[in-house]
Each structure stands twice: as C-alpha cells, then as structure tokens.
Amino acid sequence: MELFSLAGKNAVVVGGAGGLGQAIAQGLAEAGAKVAIASRKEESLIRAAAEIKEACGKDVSWYTVDASNEESVQALVAATVKDMGQVDILVNSQGLNKKFPAQDFDMAVFQQMLSVNVAGVMMCCKHFGKQMMEHGYGKIINVSSVRGKIATRAPGNAAYCSTKGAVDMMTRQLASEFGPHGITVNAIAPTVTETPMMTAVIEQRGGDAYRKQQAEALPMRRMAVPRDCVGPAVFLASPASDFVTGNIIYPDGGLTAVG
Ligand SMILES: NC(=O)c1ccc[n+]([C@@H]2O[C@H](COP(=O)([O-])OP(=O)(O)OC[C@H]3O[C@@H](n4cnc5c(N)ncnc54)[C@H](OP(=O)(O)O)[C@@H]3O)[C@@H](O)[C@H]2O)c1
C-alpha cells in the first residue's frame, strides 16, 4: 500500500544493532527503504546486518558511531549522505539503562546516561535534521520509553526515567522547530521488552516469574517483543503519518492506559 511504502527512501537507524533497533531496521527495509545501521561496536553491526539479510533478504549498510560524541555524529551524517545521497528517515534507538537506588545513584553513570540517552539523541536530531532541512523533508523517530511518562514502583530508574522524560519533551520541541521545514519528529515508547538491554535485569528480578508477572500486568496479557515496535516505526516513517508530529506512540500492551 503506497501510504505505508518506504520505497525510494533512505533510513539511518542509530542503535540499529540493538534489540529494538535491529527489528526496526529490518521493518523499514521490508517496507522498501534503503537502510543503514550505526552504533559503536563493529562486530555487533556485522552480526545485525547478517541477521537482517538472513531474515528478509535485504542488505543493510553499517557505520560505527559514538552518538555521545558530536564529531562522530557529524562524521556519520557526512558518510551516510555521501553514500546514500540524502537521509530521509532517522531512528534514534541508542540508549543505556543502568540502575541504582536513587539515594546511592552513581553520578558518573547518571551523567553517562544523560550523555547517550539525551545529548546523543539531540546531536543526531540536530545534524540529520539540518541535512533534512536542505531537501525539505524528513521523518525523525526517537525511541523513548513508558518510563518517560510513568515511574516504576521498584527503585533504580532515577536516571532512566529522567532521560526518557527529556526525550519526550525534546521530541515535542523539535517537532515545533522542524515542522516548518517538512520534518516530522515523533517518539515510540515501548514497555519492558526482552533485548540485550533488559536480559540481565529480567534475570535479576526472577526470570520466568518476572516475565509472567510482567505479562499479567498488561491488558494484552503478554510481554512485549521487539517486533511490536515495527508497525509504529513504519507508520511514523511513511507518508501515512505526514500530519502526525510531536506525538508519542505507546506500543506497551496497554500499560499506560491502566497506569
Ligand atoms: N528493551 C526495553 O525494554 C526497552 C523499553 C523501552 C525503551 N527502550 C529503549 O529502546 C532503545 C533501544 O533499546 P534496546 O532494548 O534495543 O537496547 P540494546 O539492545 O542494548 O541496544 C542499544 C543500542 O544502543 C547502542 N548504543 C549505546 N550507546 C551508544 C553510543 N554512545 N553511540 C551509539 N550507539 C550506542 C548499542 O550499541 P553499541 O553498544 O555497539 O554502541 C546498541 O546497539 C533504547 O533507547 C531504550 O532505552 C527499551
């Protein structure tokens, strides 16, 4: 269906070798986009590109970037524009999630999370956004979290919730500033999904008992899987969402509906 087609579009997925980023990168490629993935570790990028090829037959290119370093982000923009012509779609799926009780929070880690989860997203939006302005079109999708909206009862999320709340407001402000240039800026805010980011946390909290408890707490009565973010991402990358901006979509099984 043309409304949801990404044919002829070029996409960069930062954090594209991660659990959610890889699923989104594959989904964008399946919808017709030419896709590049980017993050710090070359071996993860090579693995992810091979798995996407194996899963759907699409080639994705890859680039190393440290999204918390502005020069590195600028180099990524230059390299992807050189190779692809222009970048139409940016997905920010990079992120860190480290937990300490608030009263003992390691402030060096707090700063690191601000640097990757907030400044890193901003720098990608800033530099890819500037490039999108040159051709008057763009779709930016930030991967936020339900933790940008609701806190957890269990301790540990002071930094994570702070950074995702910041991503939500950054998304709205950039939607305001980039809208006149034909660029939409939206966010996807999932709930706990079993990816490399969450595996250790899930095991620490009881493994299968925790999985069962998570599933039972959601109206949809199952845990989220990475594929749950793909539909929202394709929608927000496609012409179907051309008048949708500054919004946050919650593929959360109903968690934020029930609180
Ligand atoms: N999984 C969940 O339950 C969940 C729920 C809600 C929201 N989210 C959000 O979804 C996004 C993706 O999470 P995920 O679950 O897919 O985690 P993941 O599997 O750990 O992936 C995170 C990705 O970010 C990259 N990354 C980290 N620091 C980076 C940096 N400085 N520069 C560039 N890339 C960097 C990592 O690659 P390198 O280490 O190679 O750089 C990795 O590819 C995050 O923003 C996360 O907060 C996740």
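The values are calculated or read from the model by the stated rules, or taken from the named source; none is laboratory data. This one's a predicted model, so the numbers in the text were calculated from it and none came from an experiment. Quick reminder, even Gly has a Cβ in these numbers, built from the backbone with ideal geometry, and neighbours come from all protein chains shown. All accessible areas refer to the heavy atoms of the entire protein, side chains included, with ligands and DNA or RNA removed. Shrake-Rupley method; radii C 1.70, N 1.55, O 1.52, S 1.80 Å.
Phi-derived couplings, Karplus 6.51 cos²θ - 1.76 cosθ + 1.60 at θ = phi - 60°, listed residue by residue for the range 195-212: 10, x, 4, 10, 4, 5, 4, 4, 5, 4, 8, x, x, 5, 5, 5, 4, 5 Hz, with x used for Gly and Pro. For the pair E2 and R222, what calculated FRET efficiency results from E = 1/(1 + (r/R0)^6), where r is the Cβ-Cβ distance and R0 = 51 Å, to the nearest 0.05? Once the sixth-power term is evaluated, E becomes 0.95. If you average 1/r over all unlike Cα pairs in the range 1-148 and invert the result, what Kirkwood radius do you get in angstrom? Result for the range 1-148 stands at 15.7 Å. Of the residues D59, D66, D83, the one with the largest accessible area comes first in the ranking D59, D83, D66, computed with a 1.4 Å probe on protein heavy atoms.
Within the accessible area of the chain, the carbon and sulfur atoms contribute 54%, probe 1.4 Å, all protein chains present. Top mean-square fluctuation among A79, A200, A154, Gaussian network model of the chain, C-alpha springs under 10 Å? Of A79, A200, A154, the most mobile in the Gaussian network model is A154. As a length-normalised measure over Cα pairs under 8 Å and 6 or more apart, the relative contact order of the chain settles at 20 percent. As a ratio to 2.2 N^0.38 Å, the alpha-carbon radius of gyration computed for the chain takes the value 0.96.
Computed log10 I(q)/I(0) for the range 1-83 at 0.16, 0.17 Å⁻¹: -0.56, -0.62, from the Debye equation with unit scatterers placed on every C-alpha and solvent omitted. Largest accessible area first, the listed residues R40, R47 line up as R40, R47 when surface is computed with a 1.4 Å probe on the assembled protein chains. Once C-alpha pairs closer than 8 Å and six or more residues apart are averaged by separation and normalised to the residue number of the range 123-226, the relative contact order reads 28 percent. Diffusion of the range 122-161 by Stokes-Einstein, at 20 °C in a medium of 1.002 mPa s and with Rh set to the Kirkwood radius over alpha-carbon pairs, works out to 171 µm²/s. Accessible area ranking (1.4 Å probe, heavy atoms, ligands and nucleic acids excluded), largest first, for C125, C161: C161, C125. Between R205 and A55, the modelled labels are 2.3 nm apart [label points 7 Å from Cα along Cα→Cβ]. Using all pairs of distinct alpha-carbon atoms, the Kirkwood hydrodynamic radius of the range 107-216 works out to 15.4 angstrom. Just so you know, the Rg over Rh for the range 160-259 is 1.04, from Cα atoms, with Rh as the Kirkwood radius.
Rounded to the nearest 10 degrees, the inclination of helix 19-30 to the longest alpha-carbon principal axis of the chain is 30 degrees. With protein chains left intact and a 1.4 Å probe, residues in the range 58-134 average 46 Å² of accessible area per residue. In whole angstrom, note down how far apart the Cα centers of the range 13-85 and the range 110-174 are. Here the answer is 18 Å between Cα centres. As a length-normalised measure over Cα pairs under 8 Å and 6 or more apart, the relative contact order of the range 30-159 settles at 26 percent.
Amide H contacts for I140 (H built 1.01 Å from N in the peptide plane; partners 5 or more residues away or on another chain; cut-off under 5 Å): L90, T184, V185, N186. Structure note, pairs K98/K212; K130/K164; K9/K99; K41/K212; K9/K41: Cα-Cα distances above 28 angstrom occur for K9/K99; K41/K212. The slack between Q74 and F100, meaning 0.36 nm per residue of separation minus the straight C-alpha distance, is 6.1 nm.
Compare G15, G156, G206 in a GNM of the chain, Cα atoms joined below 10 Å, and give the one with the largest fluctuation. Of G15, G156, G206, the Gaussian network model singles out G206 as fluctuating most.
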